[in-house]
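Remarks on the structure that follows.
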Number of protein chains: 2
Amino acid sequence: MDSDKAMVIFQPSGRRGEVPKGVNLIEASRLLGVDIEALCGEKKVCGKCVVRIEEGHFEKYGVTSSMDNVTAWQEEEEKFINPERRKKGFRLGCVAHVKGDLLVFVPEESRAGKQVVSKAARDIHIDHNPAVRLYYVEVDPPTFEEPTGDFERVCRALERDFGLCNLTIDLFALRRLPNALRDGNWKVSVSVWNEKEVIRVRPGKAESAYGLAIDVGTTTVAAYFCNLCTMEVIDTVSMMNPQCKYGEDVMARITFHMTTPGGLKRMSDDIIEGLNDLVGQAITNTHPPKKKVKKKKGEEGPDEFVEVPEQGKTYLRLDREDIEDVTIGFNTAMHHILLGLDPEFVGMAPFPPVIHHSLDIKARDLCVNINPSAYMFVLPIEAGFVGADNVGVLICEEPYKHEENQLIIDIGTNGELVLGNRHKLISSSCATGPALEGAQLSFGMRAAPGAIERIEIDPETKDVNYKVIGREAWRKYSEPKEMKAKGICGSGILDVLAELYRSKVITKSGVFNKKELKECPRFRINPDNRQPEFVLAWAEESSIDKDIVISQKDVRQIQLAKGALYAGCKLMVKRMGLEKLDKVKIAGAFGTHVDRTKALIMGLFPDCEIDMIASVGNAAGDGCRAALLNVKKRVEANWCSRNVEYIELTVEPTFQKDFMEAMQLPHMTDQFPHLRGIVSDEVLDQ
Amino acid sequence: MDSDKAMVIFQPSGRRGEVPKGVNLIEASRLLGVDIEALCGEKKVCGKCVVRIEEGHFEKYGVTSSMDNVTAWQEEEEKFINPERRKKGFRLGCVAHVKGDLLVFVPEESRAGKQVVSKAARDIHIDHNPAVRLYYVEVDPPTFEEPTGDFERVCRALERDFGLCNLTIDLFALRRLPNALRDGNWKVSVSVWNEKEVIRVRPGKAESAYGLAIDVGTTTVAAYFCNLCTMEVIDTVSMMNPQCKYGEDVMARITFHMTTPGGLKRMSDDIIEGLNDLVGQAITNTHPPKKKVKKKKGEEGPDEFVEVPEQGKTYLRLDREDIEDVTIGFNTAMHHILLGLDPEFVGMAPFPPVIHHSLDIKARDLCVNINPSAYMFVLPIEAGFVGADNVGVLICEEPYKHEENQLIIDIGTNGELVLGNRHKLISSSCATGPALEGAQLSFGMRAAPGAIERIEIDPETKDVNYKVIGREAWRKYSEPKEMKAKGICGSGILDVLAELYRSKVITKSGVFNKKELKECPRFRINPDNRQPEFVLAWAEESSIDKDIVISQKDVRQIQLAKGALYAGCKLMVKRMGLEKLDKVKIAGAFGTHVDRTKALIMGLFPDCEIDMIASVGNAAGDGCRAALLNVKKRVEANWCSRNVEYIELTVEPTFQKDFMEAMQLPHMTDQFPHLRGIVSDEVLDQ
C-alpha cells in the first residue's frame, strides 16, 4: 500500500477505500461516498459529525484500527463528547485526521440523508385486547378500624369495580404505590398486565398507556409506537442495527461470537443500547423540538435551549416510563444475540434454537430503559433459520385461516418462506444474502437520496437512462450534474439485472456479453481488481465524483440471491404437492418497491397469476403490532411456532441442481406460459 | 469538653466516651470497652482491625464525625483496604489516630469475641415440600428430522418423567441451557420453582439444592442454611443488622428516612450488603479454611493461600449460585426498608403497611447475590407493627390448630404478641424498646464473653456475686482479675432487676433505696451525669478497666419495657374474654435464657401455670425455615396475615393506666396466688 495513503472503512455502510493520510474524517467520508452531517462546515462548532473509531484488528477487512491511527484529542471535542463516550472511541469527524488504517462507525444521528424508511404502519385489522390495560379506581382510605395495607385496598377496589382477582404487583410498582395513593387522594389509575400483575399505579385519572412493537432486522431496526388504549400508531421510528459492524449477515455475527471472547455480550449490549436510542427517539418526538437561544451580550452562562412547538401540532410529552408494554420480533440469530443466548448451535446442523416458546421478560432484565415494571413479549421462533419475525408475518397474514395456498416471502438479509393454507403450513429459509437489499454490491446503498431506483438500457446504444431517489426527472431529461447519483438501492437491483439482460449487456448465464460490448465505452476491466464492469452513471452525474458501476461479481451476487429464493420456493411447492400457487405475498421493504412483472420474469419465485402477487409491506412488524394490541395474537404466535413444519432446504437432494438452474436469466420460460402477451416475446425467448 | 479529648462512639455496640486525642482507634476501643480484632498486636500487618469512619453530623450523639478527625491515610493500609472501601471510609484501627470527634463502625469481621448466637436451629417438625425441587432427566439430542429447540426438549422429558407441564424458564437459566445440555451429554439436573419455572439447569446428575431462611431483626440478622432435598440445616450464620448505625429501633430508622434525602436507599443498600455478607459467610464455611503460606527465601511473588481442611471434616464447597431459594421474614419497618418501600405511613396512625401479601421477588431485583434466577419469598405481614417475623412465629407454633389459648410473646427490639386458639387469633405490638435485649443500658452488651448473665445480691451486705459468659466460676469463687467482666447482656437484665429488688437496693417503684444504701460503697452519684448508680463489678474485675454499674435510668428502661409488655398482654387477655392463659410461649433470644419464675414474679406477663411457660427459641426464624422447606407453609402464612385481628393497644382507653401500674416491682401479687410456696413470701409481700 502506498505509504502516503491509509485504508479507511466506514460502517455500517461498509464503504471503503484508500485516502491520503492527513485528511480529516469528514473529507475521508466524502472521498468514499459516505455522508456525515457537518452543518457548521467543519468549523468544529456544531458537534454533528460525531463518529466512533473502532479499536482492534479486523481480519475480514485486513485493517488494524486504533485511536493511534488518528490525530490527538482536541479541546474543542470536549463540548460535544463526554468522557464516557470519549472512552468508547468517539471523536469529531472534522477534528480527527487520518494517520493510518481505520474502521470508523458513523452513528445514525451523524448520517446525512436519512434512510427513506418504508416501514410506515399499514392499515391492518386488529381486535383491541392489549396485554396491558388501564383501570381507574377510587379506594377507601385506611382507618383505625380498618388499617388494611395499601395494595390490598387497591385490589379490593379492582375486584369490586372490574372483577379482577388474585392480582400480584411488581416490586418497582409497589415502591410507587403509597405515594401515588396519597398524591391522588386515594383515586388512582392502575396498569394491569394480562389481568395478573399490577405494573404501574398513577395518581388520579390517567388517559392512556403506550407500547412499542419492535422489529429487529439484521440490518434495520424499526418500531411502531402505539397507544394501547386507542390502538393508534402515534409514530414509527427506525435505525440501523448497530451490530452491523460485526458483520452484514447472521452467520458473520455468529462467527464473531465464536471467535471473539466476550463477543456475544458486545453484540447484545450494542443492540440493547440501540433499542434504548430508539425508545429515546420515540419519546423525544412527543416533545416540541428545542431551539438553542444564544445568550445576549453581557449575560453570563451557557446558551439556553427552549421548546419551540410547531403551530397546530399537539405534543404528548411522554416519558420513558409511559411505555408499559413491548413486543419484539427478530430472526433466530438476532433473537439469541439480543437475549444473550449462545447462538453457536443455531449456526450448526441440525440448527436447533435454544427455545421456541415466547418469553415474557422484564424490560429491566434486559436493561431496556422503559417503565421498570413493564414486560417485553418476545415472539416465539419457528426454527434455527425461521425466526420470530416470520411468526410476526404469519399472525399478520393468517394463511392458516384460509383455504387457498399462499406463498409468503419475507426478503430481508435472509429470505424466509412460508407456504400453505388452513390444513398445513411449511416454512424454510434460503440464504439470499443481502444483495436484494442493495448491500454488499460495489455501489449498493440504502434507499436514501441519490440511490438509483429505476433504470432503462438502450439495447442498441447501451446508453443508460435512470432515476434516483430524491429527483423526479430521469437522467435523459436532466443535466448530468443534476443527478447527484450515489449508488444502487435494493429496489433498483432487479431493474438493473432485468435491463442488463434485456439489452443483452449480460447473457442468460449472467456473464458480460463481450461481443455486444466490444465498442461500448461503458464496458471495461477495472484495473485495480481485474473485474469486468459496466458503468451505469458517469462520475460527472454522481455526487461522489466516481463512476457508478455494476461489476461481474455484483451480477453474480444478485443471481445467487434470486437462485436461492427460486429454488427454495420450488422445493416447497413440490413438497406441498402443488401445481400452481394461489397467491404470492412479498413482505419487507423489497416487496414494497419491486415490479411484480419483472420479479416474475426474472424468476424470483414460481409461477402465479400476476394479479395474485401482492406486497404486504412490513408484515413482520405489523405482526408485532398485532401482538402488542391483541393478547390473543400471542397465543396464536405460539401455536404457529410449533405447528409450521420447517423444511431444511440444503439437505433436500434436488436443491443444488434447482439452485444452479435458477441462477439462469430469465427463468425457464415454459414455466410462465401465461406471461406471453404481457411481456415481449423477445425477452421470453432469448 | 476538654480540648485534649475527643468523643468517640463505636457502632453497632453504641459504646461511647471521651478518649485522649492522639490515641489510635484500637486504643480508643479498648478504653471504651469495645473489642476490635488486632491479631498482630498493632504491627499494621494482619489487617484484621478494619473499621469504618462514618461521615456526617449525628444529632442524636451530638458529634460531627469526619475523615478529617483522624490522621491521614498511610501506605500500609493499601494492602488491606481497596480503593472502593477506602472511599467508603474504611481505615485500619491501628493506623488511624483520633484527632477529633468520631462515629466509628466496627464491621462484624473486625469484632473480637463473636456474639454467642442462640439462634441454633430447633428440632421442629416440617413436611418436606420445598418450592424448589430438583429433577434429573435424560433428553434426546436434536436431529435433522427433529430439530426442536433445547428448552422444548427438556420440557418434553420433564413431562414424560415427572408429569410437569406448561413450564417457563428464567432468562438467566435459559442462557446456561444450551451448554449445560451439551456438557452433560444431554443429561441434566433441572431446578424447578413451584412446578412452574425452570430456574437452573446443570449438566449431569446434581445431588442437592440449597436455600436460606433469613430472619432480619432490628438488631440481629440470622439465617439457616438448609439442604432443600434432605431438609438438613447445614449451618447457622448471623450478624448485626448494619442499619443499627441509623438508630436502635424502628421508629429511629423511619425518622432517618423522613429527615435524610436518600436515607431509605442508604438503609436498604446497607441491609442488602449485609445479606450478601451473610451469604458469603454461609458459602465460605463450606470450604476448608485457607492458610497463608509464606514464600520461601529466593522465591518471587506474594505469599500464597492454601486450603487446610480440618481432619475428619467434609466440605461441600458450595458457591453462591448453589443457593436457589430464600425465605425472609422481618418486622414491618425492616420489611419496607429492605424492599425500598416508603415506611413513612407505617409510622403514622393508622399505621397501614404498603402490602400484607407475601412477595416472590427475583433475588437479582434486590441485588442479592445468589443464583440469579432464584426467587426470594418474602413472608406476608400482619399489620404496621406486627410483621412477617410474627407470621413466622405463627406458622411455626401453629396456635390456630389448637383448642387451648396460647399467648406467644416475641421479644426483640419490639415486643410482638399473639393470643388465641383455633377459633380466634388476635395480635398486637408493644414498644418494649431494646432494654430487655441489653441494648441502650449504660453497660448493656450482646451475649458475648464477659457479659454478666446471672447475679445474686446479698440483702444485708449488698455484696454482688455474678457469673459471666465464658467463665464457669462465679465471682465469689474467683480472683477479681479472672472475671474480665464487660457488661450486662439481655439474659442477665431480669436477674439484675429481680436481685436489686429482692436485696432492697431498689424499691417497689424502682427508685434506689437511699435508706438501705447509706453506708454502701457500691451506691454513688455519678459525677458526670448526676445519675444515681450501683456498682455491679469493680474496675479490677473488668476487662475494660471501669466499674460496671447499673444506673437509675437503666432501671427505668427495664421497668418501661416490662410495663409495656405486661399491659399489652393484659389488654389482649381481656379482649379475648379470658380468665387465665393455658400456655405462654416466649420466642426470641430473650426467651431462651430467661428464668421463668423470675419472669413471672417480675410481672412480664399475666398469670399462667409455671409449667405451661415455654421458651420456643427463634420461632420467627424457624417459621422462615418451615416456609423454605414446605411450600404449603407459604399459603398458611398468607392465611395468617389476613386472619389474625390486629389490636392497636395505644388507643385502648385503659392502656396508659395499666402501663403505669405494670411498671411497679414486682407485679401485684394477688394476681399470682399460686406462686406462694414456689418463691419466698418475703419477695411476694414486699
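The values are calculated or read from the model by the stated rules, or taken from the named source; none is laboratory data. Worth saying up front: this structure is predicted, and the values here are computed from it rather than measured. Virtual Cβ from ideal backbone geometry, glycine too; neighbours counted across all protein chains shown.
Considering only residues in region B:333-359 that are more than 8 Å from chain A (Cβ to nearest Cβ) and of a type outside the set (A, V, I, L, M), the one that is farthest from B:Met231 (Cα to Cα) turns out to be B:Gly347. Of all residues in region B:459-471, those that are at positive phi have Cβ atoms under 7 Å from Cβ atoms of residues that are part of a loop (DSSP other than H, G, I, E, B), 6 or more apart or on another chain, in B:Lys462/B:Ser503; B:Lys462/B:Val505; B:Lys462/B:Cys520; B:Lys462/B:Arg522; B:Gly470/B:Pro449; B:Gly470/B:Gly450.
When A:Ala173 is tested against (1) among the small types (Gly, Ala, Ser); (2) in contact (Cβ under 8 Å) with a residue 40 or more places away in the chain; (3) farther than 24 Å from B:Val635 by Cβ, only condition (3) is not met.
Residues in region B:423-444: is at least one more than 21 Å from B:Ile610 (Cα to Cα) and in contact with a His (Cβ under 9 Å, 6 or more places away or on another chain)? Don't jump to the end; show me each part of the working.
At the first step, the residues of region B:423-444 found to be more than 21 Å from B:Ile610 (Cα to Cα) are B:423-435, B:437-444.
Next, only the ones that are in contact with a His (Cβ under 9 Å, 6 or more places away or on another chain) stay: none.
No.
If you go through region B:155-183 and keep only what is more than 14 Å from chain A (Cβ to nearest Cβ), buried (at least 19 other Cβ atoms within 10 Å of the Cβ) and part of a loop (DSSP other than H, G, I, E, B), you end up with just B:Leu164.
Can you confirm whether A:Glu416 is modelled with pLDDT under 95, assigned by TED's automatic domain parsing to the domain that holds A:Val616 and assigned to a strand (DSSP E or B)? When the stated conditions are applied, A:Glu416 passes them. Of all residues assigned to region A:193-209, none qualifies as being without any contact (Cβ under 8 Å) to a residue 60 or more places away in the chain, among the small types (Gly, Ala, Ser) and within 14 Å of chain B (Cβ to nearest Cβ). Taking B:Val23 as the residue in question, decide whether it is buried (at least 21 other Cβ atoms within 10 Å of the Cβ) and either among the aliphatic types (A, V, I, L, M) or at pLDDT 85 or above (or both). Spelling it out, it is not the case that B:Val23 is buried (at least 21 other Cβ atoms within 10 Å of the Cβ) and either among the aliphatic types (A, V, I, L, M) or at pLDDT 85 or above (or both). Of the helices (runs of 4 or more DSSP H) lying entirely inside region B:567-663, the ones with 1 or more residues being buried (at least 21 other Cβ atoms within 10 Å of the Cβ), more than 26 Å from the chain's Cα centre (by Cα) and away from chain A (no Cβ under 14 Å) are found at B:596-602, B:655-662.
Can you tell me which of B:Lys99, B:Lys119, B:Lys87 is basic (Lys, Arg), modelled with pLDDT under 90 and surrounded by fewer than 20 Cβ atoms within 10 Å (Cβ to Cβ)?
Only one candidate passes the filter, namely B:Lys87.
Checked against (1) more than 24 Å from B:Asn630 (Cβ to Cβ); (2) at pLDDT 95 or above; (3) touching a Gly at 6+ places or on another chain (Cβ under 8 Å); (4) not small (Gly, Ala, Ser), B:His336 passes all but condition (3).
Go over the candidates B:Leu174, B:Leu134, B:Leu158, B:Leu167 one by one and state the one that is farther than 25 Å from B:Asn227 by Cβ and within 44 Å of the chain's Cα centre (by Cα). Spell out the reasoning first.
Numbers: B:Leu134 fails: farther than 25 Å from B:Asn227 by Cβ; B:Leu158 fails: farther than 25 Å from B:Asn227 by Cβ; B:Leu167 fails: farther than 25 Å from B:Asn227 by Cβ.
Exactly one of B:Leu174, B:Leu134, B:Leu158, B:Leu167 is farther than 25 Å from B:Asn227 by Cβ and within 44 Å of the chain's Cα centre (by Cα), namely B:Leu174.
Scan region B:380-393 for residues that are assigned to a loop (DSSP other than H, G, I, E, B), in contact with a Phe, Trp or Tyr (Cβ under 8 Å, 6 or more places away or on another chain) and within 9 Å of B:Phe330 (Cα to Cα) and the total you get is 1.
Would you confirm, using the coordinates I've provided, whether A:Asp127 is surrounded by fewer than 16 Cβ atoms within 10 Å (Cβ to Cβ), more than 10 Å from chain B (Cβ to nearest Cβ) and at pLDDT below 95?
On the way: surrounded by fewer than 16 Cβ atoms within 10 Å (Cβ to Cβ): yes; more than 10 Å from chain B (Cβ to nearest Cβ): yes; at pLDDT below 95: yes.
Spelling it out, A:Asp127 is indeed surrounded by fewer than 16 Cβ atoms within 10 Å (Cβ to Cβ), more than 10 Å from chain B (Cβ to nearest Cβ) and at pLDDT below 95.
Scanning region A:322-332 for residues that are under 21 Å from the mean Cα position of the chain (by Cα), part of a helix (DSSP H, G or I), buried (at least 24 other Cβ atoms within 10 Å of the Cβ) and within 14 Å of chain B (Cβ to nearest Cβ) turns up at least one hit. The number of residues in region A:130-150 being away from chain B (no Cβ under 14 Å) and assigned to a loop (DSSP other than H, G, I, E, B) comes to 2.
Being surrounded by 14 or more Cβ atoms within 10 Å (Cβ to Cβ) and either touching a His at 6+ places or on another chain (Cβ under 8 Å) or aromatic (Phe, Trp, Tyr) (or both) is a description that applies to B:Gly490.
Within region B:245-302, if we keep just the residues that are among the β-branched types (Val, Ile, Thr) and in contact with a Lys or Arg (Cβ under 8 Å, 6 or more places away or on another chain), the residue that is surrounded by the fewest Cβ atoms within 10 Å (Cβ to Cβ) turns out to be B:Thr260. Scanning region B:428-440 turns up one or more residues that are within 22 Å of B:Lys580 (Cβ to Cβ) and crowded, with 21+ Cβ neighbours inside 10 Å.
Of all the criteria given as (1) over 23 Å from the mean Cα position of the chain (by Cα); (2) touching a residue at least 12 places away in the same chain (Cβ under 8 Å); (3) within 14 Å of chain B (Cβ to nearest Cβ), the one not satisfied by A:Glu310 is (3). The single condition from (1) modelled with pLDDT of 90 or more; (2) over 18 Å from B:Val393 (Cβ atoms) that B:Thr597 fails is (1).
Taking each residue of region A:534-552 that is closer than 20 Å to A:Ala435 by Cα and outside the structural domain of A:Met663 (by TED's automatic domain parsing) and looking for partners that are in a strand (DSSP E or B) and among the polar types (S, T, N, Q) with beta-carbon atoms closer than 7 Å, six or more apart or interchain, yields A:Ile548/A:Ser542.
Among the residues making up region B:363-390, a single one is without any contact (Cβ under 8 Å) to a residue 40 or more places away in the chain and more than 8 Å from every other protein chain (Cβ to nearest Cβ): B:Ala363. Of everything in region A:399-413, what is assigned to a loop (DSSP other than H, G, I, E, B), touching a residue at least 60 places away in the same chain (Cβ under 8 Å) and more than 16 Å from A:Leu571 (Cα to Cα)? Give them in sequence order. Result: A:Glu404, A:Gly412, A:Thr413.
All conditions in (1) surrounded by 24 or more Cβ atoms within 10 Å (Cβ to Cβ); (2) out of contact with any Phe, Trp or Tyr (no Cβ under 7 Å at 6 or more places or on another chain); (3) over 22 Å from B:Val346 (Cβ atoms) hold for B:Glu416, with the sole exception of (3).
Of the residues making up region A:286-302, just one is of a type in the set (Val, Ile, Thr) and either outside any loop (DSSP other than H, G, I, E, B) or not assigned by TED's automatic domain parsing to the domain that holds A:Ile234 (or both), namely A:Val293.
Could you please let me know if B:Gly33 is among the small types (Gly, Ala, Ser), at pLDDT 85 or above and part of a loop (DSSP other than H, G, I, E, B)?
Numbers: among the small types (Gly, Ala, Ser): yes; at pLDDT 85 or above: no; part of a loop (DSSP other than H, G, I, E, B): yes.
When the stated conditions are applied, B:Gly33 does not pass them.
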